[in-house]
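The values are calculated or read from the model by the stated rules, or taken from the named source; none is laboratory data. Predicted model, so just to flag it, every value in this text is computed and none were measured. Every residue, glycine as well, gets a Cβ built from its backbone with ideal geometry; the counts of neighbours run over all protein chains shown. Accessible surface is based on the protein model in full, side chains and every heavy atom, while ligands, DNA and RNA are left aside. Shrake-Rupley method; radii C 1.70, N 1.55, O 1.52, S 1.80 Å.
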Number of protein chains: 2
Amino acid sequence: VSSSHEVTGSQSPGAGAGKRRRAVELVSTGTELLSGRVLNTHARTLATYLAPFGLVLHRDTTVTDEPAAIADAVRGALARVDLLFVSGGLGPTPDDLTRDAVATVLGRLVVSDAAAESHIRERSERRGRRFTPAIARQALVVQGAKVLLNPVGYAPGERLCSGDKTLFVLPGPPTEFAAVMDAHVIPWLEAQTDGAGRLPQHVFLLCGKGESDVVALLKRHRLPPKEVDVAFCASPGQLELRLTGRRHGAAVRSRVEKAADTLRRLLAENVFAEEDTTLPAVIGSLLRAQGKRLAVAESCTGGLLGDRLTSVPGSSEYFQGGLIAYTNDAKIALLGVNPDTLARDGAVSESVAAEMARGARRVFAADFGIGITGIAGPGGGSEQKPVGTVCVALAGQEEALTRRLRLSGTRETVKFSSTQAALHLLRRILSGRPQDRE
Amino acid sequence: VSSSHEVTGSQSPGAGAGKRRRAVELVSTGTELLSGRVLNTHARTLATYLAPFGLVLHRDTTVTDEPAAIADAVRGALARVDLLFVSGGLGPTPDDLTRDAVATVLGRLVVSDAAAESHIRERSERRGRRFTPAIARQALVVQGAKVLLNPVGYAPGERLCSGDKTLFVLPGPPTEFAAVMDAHVIPWLEAQTDGAGRLPQHVFLLCGKGESDVVALLKRHRLPPKEVDVAFCASPGQLELRLTGRRHGAAVRSRVEKAADTLRRLLAENVFAEEDTTLPAVIGSLLRAQGKRLAVAESCTGGLLGDRLTSVPGSSEYFQGGLIAYTNDAKIALLGVNPDTLARDGAVSESVAAEMARGARRVFAADFGIGITGIAGPGGGSEQKPVGTVCVALAGQEEALTRRLRLSGTRETVKFSSTQAALHLLRRILSGRPQDRE
């Protein structure tokens, strides 16, 4: 459901590019990652952490819990790169053998670490668990490791040096993997870049523009500048655009900032955030800041808009509620939609969306009402109103604003894109840009 | 958010086990899979397809689009296994170089395939796209390949033999990967197993039982039998239990069936399906078959229950609609919840859930109403009603049934588990088992 694409700066990566962008590998261990039961998300997480430092993940080798397979993968990766991450297999059960496999490759012993042991003992006491030999086993590390205590779990991570190679061993559960990255790996990476920190970067989250539109716009304005890359990530109803400088230093940083200024001006109508967030969270901040309240009336989205709005903690401050009006009867009886409008324009029409939005606003005594009606598919389409035809409306104090959309994709993505379009309409009103074109 | 676990049959895998369970590898190609933008789901998909044939994925090597990296990974995998899958890099752009890399490893040429070319030409004509050289490029295959036409895309898959090794090359987009698996790879696997087909297997989807409960139950009843494995996959509000025989033949098949009969009897209250499906789909079939209609009243789930119910195509036949009553005012005004009940028991109570359920049933003139009210977190908890306290209710013609839940996890998983618990209550009524204990 999402695609990605990279547009490189006007200078193509030459001989020096290899130095600026350092290759990294990951070895993910765990039979459950290969059994079809658990999705391996470590590569995505790690790549996202590494990108701002100019580090590029070149290979992820996922192997079972067998020590021979782990050792083989670690040995292969160490022959190719000088920064390696290994995940998983540090837990308390007999099939957690990653530390032993890594020790074998490095020709070292496995030893118990005192700091890790007291961390584990305290954690188990705090949680009222017995400090069993199985739990204590998690204090074992490869000899010579810098131990990275686990802020949210038992088994610590490890940093190992072997010649000029650095090897991080991290716990497998995704929350623990991320917590050890945050607490130990990122500070180490920041120190490694001689205090220069992350590469200059700027992110835009967009709604209502496709990747090809933005690529054409960039071309017209001769963007990105020298030594700046643009990466896109398209998902239903949203486009992420990320500018990243290829090196540290004021010159590239200023080029990233200038390019961001230009894009902000060119894409003002479509940008909903300049940081990693979600549209419901942005809407929530705007509504809270302005002391306004919102209600929704959903037909084809079936509750997804309400679900997304209430996914933001504290949303009860501004979200009043909603009506899932899946039938015409419900639209008439509960939202006050005029039967004549339904008969004249059909349930999927801008006029019905507008009456639903006004109905939601009135029923819940809210400042704003959103109405969505459409055909999510796979059935129910006609020649005039094919699957993916969706009408969204926003009612405030003044005349309701409406949009007619022609969306493509699955039932799920049509529903999601519909909620995104409706929220984007509200965002523009809340930002004081009601007159913007689509 | 999900965990997996395997309980092996009473006979531990001995020397012969390696033969019964054949090792397979996957090489996933695509720079986007390593950039943090796209999640690699191929390993999970492939493992799920292969399991019923006794084939076990031992390694997934994800590499960038570079031909040298692809060739290196393919060469390494072919040295270890005799059945290899390669995904991605078959598209029209210059960085789609998987076929060239595979051809290099096998010492063969890349040639244009006539059947693939006419398939691609017809598909592009049907979609009103010009048959450009870039599109035509997708008809290139490795010499000697059995071409596997792509039912939902342009680039075909390929089956290649090299000595006693078999190599499948499959398109990278997940829908195309699955379509070529279904159309070509699965029939080939079925033919390979000498007509024996899939290994004997039985799946149960459960609600309201944890993995440890079921493990204890299995132990008490000396299950699984010889040469039968049990695998679990736990996700919020759901547990999947899969019995798989280790070999073909009537003896193991009958042991799987006998174990399934025992489990069906022991877990009757908790089993909601014996096939791969979802609880909303099961509910939909039951409601449709009985000609009954459903409406919902949601507080803490914020629309998620409506969203899940309407994720089933055709749900408008039985889903009447819902009210997202996030505030007390909405609960009183729109659902007719008694202000005294709210004052006496609080918004998060079985009595309020019951009144919400009755309100939804009445407002939408439905046969059944569901009410959910609770504290999804992270804020809003108290000592008496901590985060994760959720009350669900089901109203039909008779007295409403209610359940008080103590859920753990994130806001998202608490919401999901709440909808699951409510749907499970309805399923048991629709199946005529109102008196079952939890």
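Odds and ends about this structure:
- Three-way shape call for segment A:134-185 based on the alpha-carbon gyration tensor, with the a/c threshold at 1.5: oblate
- Nearest 10 degrees, 0 to 90: helix A:114-126 Cα axis against chain A principal axis: 40
- Interface size B-A, as summed buried accessible area [1.4 Å probe, Å², nearest 100]: 4700
- Leading residue at positive end of dipole, segment A:67-198 (Cβ point charges), from A:166, A:143, A:154: A:154
- Whichever lysines have a C-alpha closer than 28 Å to that of residue A:226, once near sequence neighbours (fewer than 8 apart) are set aside: A:19, A:209, A:258
- Think of chain A as a dipole: +1 on every Lys or Arg Cβ, -1 on every Asp or Glu Cβ, centred on the Cα centre; then among A:380, A:256, A:430, A:256 lies furthest on the positive end.
- Pairwise FRET efficiency - residue A:66 versus residue B:164, Cβ, R0 = 41 Å, nearest 0.05: 0.95
- Whole-angstrom gap from segment B:385-400 to segment A:192-254, using each part's C-alpha centre: 49
- Mean Cα-pair separation over length for segment A:245-370, i.e. relative contact order, pairs under 8 Å, 6 or more apart, %: 24
- For segment A:114-148, GluC sites (Glu not before Pro) are listed when DSSP marks them as loop and at most 14 other Cβ atoms sit within 10 Å of their Cβ; the list is empty.
- Neighbour cut-off at most 12 other Cβ (10 Å), DSSP loop, trypsin sites (Lys or Arg not before Pro), segment B:369-438: B:437
- The protein assembly as shown shape via C-alpha gyration tensor axes, a/c threshold 1.5: rounded
- Per-atom-type breakdown for chain A gives carbon and sulfur 49% of the accessible area (1.4 Å probe, protein chains only).
- Chain A: most fluctuating residue of A:388, A:291, A:210 per GNM, C-alpha cutoff 10 Å: A:291
- Check: the protein assembly as shown dipole with +1 on Lys, Arg Cβ and -1 on Asp, Glu Cβ, in debye: 180
- The charge dipole of chain A, taken about its Cα centre with unit charges on the Cβ atoms of Lys, Arg (+1), Asp and Glu (-1) only, comes to about 900 debye.
- In this assembly of identical copies, the label point of residue A:362 (Cα plus 7 Å along Cα-to-Cβ) is separated from its counterparts by 2.2 nm, sorted shortest first.
- Dipole of chain B, positive direction: furthest Cα of B:128, B:47, B:244, with charges on the beta-carbon: B:244
- Among chain B residues, the beta-carbon with the smallest distance to the axis carrying B onto A is reported, with distance in whole Å, as B:303, 2.
- Ellipsoid equivalent to segment A:224-381 - semi-axes via the Cα gyration tensor, in Å: 40, 18, 13
- The length gained by stretching the chain between residue B:110 and residue B:265 to full extension, at 0.36 nm per residue less their Cα-Cα distance, is 50.1 nm.
- Two-site FRET efficiency, residue B:277 against residue B:188, from Cβ-Cβ distance with R₀ of 25 Å, rounded to 0.05: 0.40
- Database remark: amide H of residue A:324 closer than 5 angstrom to the amide H of A:298, B:322, B:323, B:324 (H placed geometrically; neighbours at sequence offset of 5 or more, or on other chains; Pro and chain starts carry no H).
- Summary value for chain A: 12 percent relative contact order, contacts being C-alpha pairs under 8 angstrom separated by 6+ residues.
- Tail fraction, Cα-Cα pairs, chain B, threshold 27 Å, whole percent: 63
- Between the Cα long axis of helix A:211-220 and the first principal axis of chain A there is an angle of about 90°, rounded to the nearest 10.
- Each residue was assigned an accessible area with a 1.4 Å probe, and for residue B:429 the value is about 50 Å².
- Estimated Rh, segment B:67-192: Kirkwood, alpha-carbon pairs, angstrom: 14.7
- Between helix A:350-363 and chain A there is an angle of about 80 degrees, using the helix long axis and the longest principal axis of the Cα atoms.
- Inter-centroid distance (Cα atoms) of segment B:152-185 relative to segment B:312-342, Å: 48
- Placing dummy labels 7 Å off each Cα toward the beta-carbon, the span from residue B:250 to residue B:75 is 5.1 nm.
- Taking all protein chains as shown and a probe of 1.4 angstrom, residue B:248 keeps an accessible surface of around 60 Å².
- Complex-versus-alone comparison for segment A:383-432, residues with a loss of 30 Å² or more in accessible area, probe 1.4 Å: A:411, A:415
- Interface residues of segment A:292-306, defined as a loss of at least 30 Å² in heavy-atom accessible area between the chain alone and the complex of all protein chains with a 1.4 Å probe, are A:302.
- Structure-based [θ]222 nm, chain B - -39500 (n - 2.57) summed over DSSP H runs of at least 4, per residue, nearest 500: -11000 deg cm²/dmol
- Three-way shape label, segment B:140-298, alpha-carbon gyration tensor, a/c 1.5: oblate
- In the context of the full set of protein chains, the protein assembly as shown has a per residue accessible area of 42 Å² (1.4 Å probe).
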